[in-house]
Ligand code: SF4
């Protein structure tokens, strides 16, 4: 898994986190703790669940701090 500051990728998807937008509702850490681990760095582990479950959880982020895209979108643009 590639990890930059607040950018997390596996072979298929990239999840980004905007700390300025996060309202610390803890939806992510409570509902999918195998991926969103608030006591570990890097705190998002994309190997912790399926892409489908991760995407579902990202979509539930109430602030929009979590976003995702498919990596193939990057390749099409490049
Ligand atoms: S669900 Fe979104 S707003 Fe809530 S803690 Fe996670 S990143 Fe922050």
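The values are calculated or read from the model by the stated rules, or taken from the named source; none is laboratory data. Keep in mind the model is a prediction, meaning the values are calculated, not measured. Here Cβ is always computed from backbone atoms with ideal geometry, including for glycine, and neighbour counts include all displayed protein chains.
For segment 21-42, which positions are touching a residue at least 12 places away in the same chain (Cβ under 8 Å) and more than 9 Å from the ligand (Cβ to nearest atom)?
As a first pass, look at segment 21-42 and keep what is touching a residue at least 12 places away in the same chain (Cβ under 8 Å): 21-23, 25-28, 31-32, 34-36, 38, 42.
Result: 32, 34, 35, 42.
Just one of (1) at pLDDT below 95; (2) more than 14 Å from the ligand (Cβ to nearest atom) trips up residue 51, so point out which.
(1)
Quick one: residue 60 ticks every box in (1) out of contact with any strand residue (DSSP E or B) (no Cβ under 6 Å at 6 or more places or on another chain); (2) at pLDDT below 95 except a single one, so which number is it?
Only one criterion is unmet by residue 60, namely (2).
Residues are listed down the side, and each one gets a yes or a no for (1) buried (at least 16 other Cβ atoms within 10 Å of the Cβ); (2) over 11 Å from the mean Cα position of the chain (by Cα):
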site	(1), (2)
6	no, no
10	no, no
19	no, yes
23	no, yes
28	yes, no
34	no, yes
40	no, yes
44	yes, no
